[in-house]
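First up is the structure itself, then whatever we jot down about it.
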Amino acid sequence: MTETHLHGETTTDKTAIRNAATVIAMRGRMSEDPQVLMGQRGAKAAFMPNKFVFPGGAVDPADAQITLASPLSPLCQERLADKAPAGVHHALSVAAVRELWEETGLILGERGAWDGEIPEDWQSFATTGHVPSAKAMQFVFRALTPPGRPRRFDARFFLVDADQVTGDLDDFSQASDELSHLQWIPLSEVRSFDLPFITEVVLAEVTARVRDAEPPQSVPYFHNNDEASLFLRLKGYPMPADG
């Protein structure tokens, strides 16, 4: 999970838990060997240096004010609302669209015109003729960074079928420099890359339901606090020990 810059905001507590959104774009989902889009974090990054990760980052305060052409499905909204502040699903959805655009140059959006003034962070996106949309995203995983790390995020992972992404899937020329070596990696090969532990856990969950086109009825939540690390199910019960 990559970290976004805070435009106009000064953060004094680097250890504060921040909401974050991560996009798992999957190509050839119904093929024998689907691929996921990943890139490598910089060697000097404070959070997960050198690791291969999915595009994503922290929610910006302005994300809550951006209008979506289409929202997440009601089921995904309900799962995001579990054990979370009211209304956070909207900002998370917007952050996912923004981070995918900033870090890969790929578009989750619908053709349309923006109303009113376009925020600076979205001007390059708007020039493509699209308005951000969350209808293609499925909420599939949530993970809280353990205590003691240089950055802590309450990250929500969204699965997106690459067929629903606009743009040349192999053209990353519009991407920022936050991730290097952007590439589509076959699921059969992805574990040979240098991955964070939580990314391996998420990949296992996604791989298990790769051909299920519907959003999950319950979502795994890897919850870390000072007392314990727990696997929970949002809108469910604690997972069994052998789960």
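Quick note: the coordinates plus some simple rules give every number you see, no bench work behind them. On a predicted model such as this, the values are computed, not experimentally measured, just so you know. Cβ placement follows ideal geometry from the backbone for every residue including glycine, while neighbour counts extend to all protein chains displayed.
Length gained on full extension, E214 to S192: 5.1 nm, using 0.36 nm per residue less the C-alpha separation.
In terms of the mean number of neighbouring beta-carbon atoms within 10 Å, the peptides 153-165, 175-187, 112-124 order highest first as 153-165, 175-187, 112-124. Rounded if a/c is under 1.5, else prolate if a/b is larger than b/c, else oblate: which is segment 94-222, with a ≥ b ≥ c the root eigenvalues of its Cα gyration tensor? Prolate shape, in that a/c is at least 1.5 and a/b is the bigger ratio.
The slack in the chain from Q174 to T128, taken as 0.36 nm per residue of separation less the alpha-carbon distance, amounts to 15.4 nm.
In whole angstrom, note down how far apart the Cα centers of segment 72-140 and segment 50-68 are. Centre-to-centre (Cα) distance: 9 Å.
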